[in-house]
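Please treat every number below as a calculation from the coordinates, not as lab data. Every value quoted in this text rests on a predicted model; they were computed, and no experiment measured them. Ideal geometry is used to build each Cβ from the backbone, glycine not excepted, and the neighbour counts take in all protein chains shown.
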Amino acid sequence: MVQPKTIRLWALTGGVAATVVMGSLYGAGLKTQTQQSQARKAAQEVPIEARIAGLEQQRAHLLQQKAGLDKKLAEIKARRVSSSNS
């Protein structure tokens, strides 16, 4: 038979563990929110010319990716046509 002292010990241990877990999750959430707000502030402080330059670089990269995907799509369509003709 389990003694009441043992049950109380397990309940206390579970309560402490739950408190530690919830505290760490809450702290991690606060840290994430702080980092996001700092990143937003840093992005807003960047001069408009630098923002435009960054967006243009991103656009160029995306266009390169699109060209590669279009080429692959054309190859797949060509293989489909050639396999249906055979």
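Along the Cα→Cβ direction, 7 angstrom out, place labels at Gln57 and Thr13. What is the inter-label distance in nm?
5.4 nm
Evaluate the distance, in nm, between pseudo-label points positioned 7 Å from the Cα of Thr32 and of Ser82 along their respective Cα→Cβ axes.
Once both label points are built, they end up 4.9 nm from each other.
Which ³J(HN,Hα) values, rounded to whole Hz and listed in residue order, are derived for the stretch 4-11 from phi using the Karplus coefficients 6.51, -1.76 and 1.60 in 6.51 cos²θ - 1.76 cosθ + 1.60 with θ = phi - 60°, glycine and proline given as x?
Result, rounded to whole Hz: x, 5, 5, 4, 4, 4, 5, 5.
Diagonalise the Cα gyration tensor of the chain and give the resulting equivalent ellipsoid semi-axes, square root of 5 times each eigenvalue, largest first, whole Å.
Working from the Cα gyration tensor, I get semi-axes of 56, 32, 4 Å.
Given labels modelled 7 Å from the Cα in the Cβ direction, how far is it in nm from Lys66 to Thr6?
So the two model labels end up 7.0 nm from each other.
In degrees between 0 and 90, to the nearest 10, how far off the longest principal axis of the chain does helix 48-85 point, with axes built from Cα atoms?
70 degrees
How much length, in nm to one decimal, is gained on full extension between Ser24 and Lys41, taken as 0.36 nm per residue of separation minus their Cα-Cα distance? Numbers along the way, then the final one.
Working: separation 17, 0.36 × 17 = 6.12 nm, distance 2.58 nm.
Taking Ser24 through Lys41 to full extension adds about 3.5 nm, to one decimal.
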